[in-house]
1. Filter region 109-139 down to residues that are in a helix (DSSP H, G or I), more than 22 Å from residue 81 (Cβ to Cβ) and modelled with pLDDT under 90, then give me how many there are.
2. Give me the pairs: first residue in region 152-170 and under 17 Å from residue 97 (Cβ atoms), second residue at pLDDT 90 or above and not in a helix (DSSP H, G or I), beta-carbon distance under 9 Å, and six or more apart or on different chains, which are they?
3. Considering each of 123, 117 in turn, give the residue that is touching a residue at least 60 places away in the same chain (Cβ under 8 Å) and surrounded by 20 or more Cβ atoms within 10 Å (Cβ to Cβ).
4. Tell me which of these residue 83 doesn't satisfy, since it passes every other one: (1) out of contact with any helix residue (DSSP H, G or I) (no Cβ under 7 Å at 6 or more places or on another chain); (2) modelled with pLDDT under 95; (3) more than 21 Å from residue 154 (Cα to Cα).
């Protein structure tokens with residue numbers, strides 16, 4: 001991997017700042033949307049689309065940094081320590097899965113996003129099971145996994161569309 005020029009490093013830092021801001025805004029907007037289903041914990045995961053973009057259009061290390069910064073900043077701004085713990089558990093598991101799948105030739109970004117949505121829920125429920133010392137949440141996980149697939153598909157389609165149009169612009 002060749003080192004980046006000063007100009008390229010500056011461009012990447014500026015783009016990363018914009019992407020973090022976008023993820024924070026999307027997370028905030030998402031928090032304003034009432035839970036339609038009445039089931040707590042269900043969110044669209046709009047900022048996952050930004051991470052998919054970062055994985056494919058930037059690089060894996062940058063995407064990981066963006067995920068950690070988004071978790072920390074949104075936790076500090078909108079949540080608290082518990083929010084950070086749950087989001088980090090989901091984010092790490094999601095990013096691990098998406099990192100691995102994105103490197104498989106022919107793997108579509110929508111599939112990667114769907115897997116990320118499911119794994120995010122697995123990580124968060126796993127953290128809850130650990131902290132609350134209960135296995136009863138496994139039943140809840142089944143519902144969240146289905147929702148993760150659907151929301152992951154939605155964000156994956158959006159991210160794929162953006163990437164397709166950006167590639168044309170280059």
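The values are calculated or read from the model by the stated rules, or taken from the named source; none is laboratory data. Being a predicted model, the structure only gives us computed values, none of them experimental. Heads up, the Cβs are rebuilt from the backbone with ideal geometry, glycines too, and the neighbour counts pull from every protein chain shown.
1. 2
2. These pairs meet every condition: 156/108.
3. 117
4. Here residue 83 meets the rest and fails (1).
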